[in-house]
1. Considering only the range A:1-29, how many residues are aromatic (Phe, Trp, Tyr) and more than 11 Å from chain B (Cβ to nearest Cβ)?
2. Quick one: in the range C:148-196, of everything that is of a type in the set (Gly, Ala, Ser) and either surrounded by fewer than 16 Cβ atoms within 10 Å (Cβ to Cβ) or within 14 Å of another protein chain (Cβ to nearest Cβ) (or both), which residue is farthest from the chain's Cα centre (by Cα)?
3. Please determine, by comparing only the residues of the range B:362-390 that are hydrophobic (A, V, I, L, M, F, W, C) and part of a loop (DSSP other than H, G, I, E, B), which one is farthest from B:Gln291 (Cα to Cα).
4. What single numbered condition from (1) more than 18 Å from C:Gly146 (Cβ to Cβ); (2) in a helix (DSSP H, G or I) fails to hold for C:Ala235?
5. Taking B:Asp253 and the conditions (1) open to solvent by 40 Å² or more (accessible area, probe 1.4 Å); (2) touching a strand residue (DSSP E or B) at 6+ places or on another chain (Cβ under 9 Å); (3) not basic (Lys, Arg), which numbered condition does it fall short on, given that it satisfies the others?
6. Check the range C:52-66 and report whether any residue there is among the small types (Gly, Ala, Ser), within 30 Å of A:Ile284 (Cα to Cα), under 25 Å from the mean Cα position of the chain (by Cα) and part of a loop (DSSP other than H, G, I, E, B).
7. Given the conditions (1) within 26 Å of B:Asn56 (Cα to Cα); (2) under 21 Å from the mean Cα position of the chain (by Cα); (3) open to solvent by 50 Å² or more (accessible area, probe 1.4 Å), which single one is not true for B:Glu357?
8. Just to check your reading of the model, which residue among C:Ser91, C:Ser48 is within 21 Å of the chain's Cα centre (by Cα) and assigned to a helix (DSSP H, G or I)?
Amino acid sequence: MEFFFITLLNSLSYGLLLFMLSSGLTLIFSMMGVLNFAHASFYMLGAYFAYQTGLVFGFWPALFLAPILVGVVGALTERYGLRKVHKFGHVAELLFTFGLAYVIEEVVHLIWGRAPVDYRIPESLNFTLFTLFNTQYPAYRAFMMLVSVGMLISLFLVLTKTRIGMIVQASLTHPDMVQALGHNVPRVFMLVFAGGCALAGLAGVLGGNLFITEPGMAFAVGSIVFVVVVLGGMGSLVGAFIASLLIGAIQTFSVALDLSFLDLTAALGVVIDPDSKWYGGLSITISQTAPVLPYLLMVLMLIVRPRGLMGTRES
Amino acid sequence: MRSLYLLFIAVFCALVSCSDTNDEVVIGYVEGLSGPFANIGEVALRHLELEVEAVNRSGNLPGSVRMRILPFDNKTNPQEALLAFRAALDAGVDYVFQGNSSSVATALTDAIAKHNRRNPSNPVIFMNYAALDPALTNEHCEQSHFRFDADVNMKMAALTEYIAVREDIESVYLINQDYSYGQAVATSARSMLKQKRPDLRIAGDDLHPIGRIKDFSPYVAKIKSSGAQAIVTGNWGSDLTLLIKSARQMGVDIDFFTFNVGMTGGVSTIGEAGIERVYQITNWHANINEQTKNNANLYRSRYPDVFEDAYYGSVRRAVRMLEKAMIESDSTSPADVGRALKNMSLTDDTGLVSMREDNHQLLQPLFVSKLVRISAENGLIGVEDVGLGFETVAEIYAEKTRMPTTCQFE
Amino acid sequence: MSEILNKGRLVLWGGVAFLFLLLPFVFSGGFSLSMLSQMGIMVIFALSYNMLLGQTGLLSFGHAVYFGLGAFVTAHAINFVEAGAFGLPISFMPLVGGMTGLLFSLILGFVTTRRPGTPFAMISLGIAEMVAASALMFTTFFGGEGGIVTNRTAGEVILGISYGPQIQVYYLIAVWCFVSMGLMFAITRTPLGRIANAVRDNPERAQFIGYNPTRVRWIMMSLAGFFAGIAGALATINYEIITAEALGLMASGNVVLMAFIGGIGQFWGPMIGAVLVTLLQSALSNFTQAWLLYFGLLFLLIILFSPGGISNLITIHLPVWRAGAVKRLMPSYGFALLTGAITLIGVVGVIELLYRGFLFGGVHVAFTWIVSGLMISIGGFFLRRAIREVKQIWEDLSPELARWG
């Protein structure tokens, strides 16, 4: 029971972090049709910026400053990079972000070195929120969940209740019409890109100190965010939300399942000798494959239902 | 600046194929010097540089020859390593140093052995200072390969000697990265613990993909519910840091027996979370005796501005044994030196170390040490300037780590 | 057939063959020879990738899967030969790799080629992730961290060829590279190749005239897998070791970079890319630790300013050459080159300073900062003008070029 509740909480907090990461990607994708390969790099930049600004101003200002800085970098990327490449088509745009991911990682090496930096959870949040049975639940995880739920709500409100949100939504589906109505669609694009990057940056600020801030952190989450976006449906925020929680749950709960083919064959009455050549392959447990499961899910989803859970179009 | 100069020489030589001058022994440092693991490559290069400088200062090599290091970037990739090895050959390298990454070490061992068979007049010797795959001194052993660190099985043998006397530990949990190294750690831990502590319960045995887990809390929850009192793990890098941090955040008070916590960046990222809880098994750390403290200080004073502290005792032993072999054989040619190295002994800062003739594995005392806070009273030397250091809790004699070998030299 | 083998082409291919023959005499060092061998392998690999991206419009992030699987199966096959289990001369081992690549791309292609564009790219990424993860888990087949070690001298010595010396391996690679190049070029001229182009440009129309786009993509992907497998097998023979890195995401990403830097619009574009990237990776990394950064920047520059890659830069100048207008471009090119070089040196100065500053520290740091900064700002300022000038001349030229066709 204890294990179940703790794991449930963990899966929720991991899923919400994934959502913070992928919401920006979904926004960008649905608007511009670009799968931003550098999205995880903006997540990494968020963590590093928070570390650096945190050294000067402390954690709380950094919580706001770092995502803004990441947003600025994102805006520059869109204005001087993506917009130029746009006319060459989606493949060129995609490859541009692919190259950008390389460059950002190297620049991080250049500035902060290759070893992890000491970006810590602030003292004011470094305490135990409650003890469930006898496992402590850290306050910082709760804080992270709070921020991401807050972000989800405000994102929803901005997109549906404000004027700018309306324009963004309209530009998603009818960019020419919006342009004809006198709005500056390229600027809306830039804004959305910057906003999406800032969201990734925010995820970096929160994830960087909970986990670890190092140059490899972008690569580690790089492809999982694609899985979330594809699974949820291209361009659907609600879909991304569901997919994030789903993948969070799959990855955390499958860790607990120590079942393997050996158990299956044993149930069928066949016992395989540990010295057998096949033993190694058959003894792989579900928990071992946990991190691969999302990719399997993505491939299956693309084959069976390419528009994803909540998506309305294929690409 | 010096490294820049060396790099320049290396490139120049690769392009115009410098002839190997007689008054120099060229040591090729074929290691990952770019990409994600470049910092580790840099650290070991500095260790090598320090030792070679010491050898050259004493000037005892036959014919007052000097050693010179040429670095080559293997990009931590086996195939690139073979290209780098070709470049090293063109530059007249006689001795190759490498250690980070067993896959590169396997590739190099094999390539060097093939090179030696195909070009018997111009042999090369491979000095492996850190690659831990047991196969390198068993089924894949070669005459031209010498290993100066203890392999996975030897380290596990030493670690389980210690766990065997820690009777307060009644159950352990094995968690490792899902690739050959982590699998080897798990297998040897299971069999050795069963043999040395039959009463000990193995509460769990998990393998997780390497470098892909962000959130270790589900694993920690699982470990917690298993009731284990200690974790044995071969994890390194962020996989180790994240595991320890996650356990501390969830208030799981448990001992960690690790292999690699002392690697660059390890202690400073784990920080307070690991005090009195994290153990490591190594062939060297700064606080073994006065001599090792002295050597640690030497490193710090040679490189005052770098982030890391002395770590690779095996680099030191490799260079010192190379020196001794050259002096004893009165030659610098790899064929003679290789013969002298085969059963050489040396008294180093941690005691007597000796090369096994049957598989070219160095036997040396190993040390279990614990991460503690340093203070003026305990007089320990810290690492990475975070006020923490390692304190020896057990020494395992070299003979205790002698493993049976399947090695048969061709 | 006559279209494929016209006189000009025969001369061209003859020249390529002669070049392959001659290269090892010019670059005879051990390192150069190894690098040439690697280039040959990468040329096949990049060309096979372009069958997907350039010709069929399928952006794949998992092409190294077929390269790697081909390489692993070949490694096991060579070990079987050594153990005497069956006999196949090493010279024909690439066929084993090719068939492996073909088999796996047939299977995986069947389920993945139904949709082009982003879904295909994502599926290929997902499959690459899964294969890479399993390569680390299943140590029996993939050999774990040490990989699978082979001995290329396993087969019998035929006509004095033992494959011991690197030069023999180079010529083996050269022959296979030449044959594969020829075959892949021939495919572009077959009806299949043409229809693949049609499917890339407009799948609906291709379907309308009676071709099944999914089928065409599937066939092209299988063929690409075949040639990738050949490249993988050659890599096994060349390095005598194959590890899980060979089928990882980095390797897949690398071939994307090669194809794109060289240019996917021309058949020979990826060849340039393969040669250049191999050269950069092997040679540049000897000079500087920052080579990955330069490499990434080069890639970004090419996408921003010449998305057709290097081959496109060459092709757009052909009409200018024919029109005899090169002279008019020269002064502005010279100006751009000069200012570009100044800016570049400044940028390199800053990057190197940052890298080394952290590692070693130096004396003339402030001086270098100032000089580099000046070079970047002044060079950059004039470079912008130079680029404007070049653009202007191109615009002036365009009516003239249109006349020349």
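1. 2
2. Here the answer is C:Gly160.
3. Among residues in the range B:362-390 that are hydrophobic (A, V, I, L, M, F, W, C) and part of a loop (DSSP other than H, G, I, E, B), the one farthest from B:Gln291 (Cα to Cα) is B:Val386.
4. Among (1) more than 18 Å from C:Gly146 (Cβ to Cβ); (2) in a helix (DSSP H, G or I), C:Ala235 violates only (1).
5. If we test B:Asp253 against (1) open to solvent by 40 Å² or more (accessible area, probe 1.4 Å); (2) touching a strand residue (DSSP E or B) at 6+ places or on another chain (Cβ under 9 Å); (3) not basic (Lys, Arg), just (2) comes out false.
6. There is at least one residue in the range C:52-66 that is among the small types (Gly, Ala, Ser), within 30 Å of A:Ile284 (Cα to Cα), under 25 Å from the mean Cα position of the chain (by Cα) and part of a loop (DSSP other than H, G, I, E, B).
7. (1)
8. Result of the check over C:Ser91, C:Ser48: C:Ser48.
The values are calculated or read from the model by the stated rules, or taken from the named source; none is laboratory data. Because the structure is predicted, anything quoted here is derived from the model rather than measured. Cβ coordinates were reconstructed from backbone atoms using ideal geometry, including for glycine residues, and neighbour counts include every protein chain displayed. These accessible areas exclude ligands, DNA and RNA; they are computed on the full protein's heavy atoms, side chains included. Shrake-Rupley method; radii C 1.70, N 1.55, O 1.52, S 1.80 Å.
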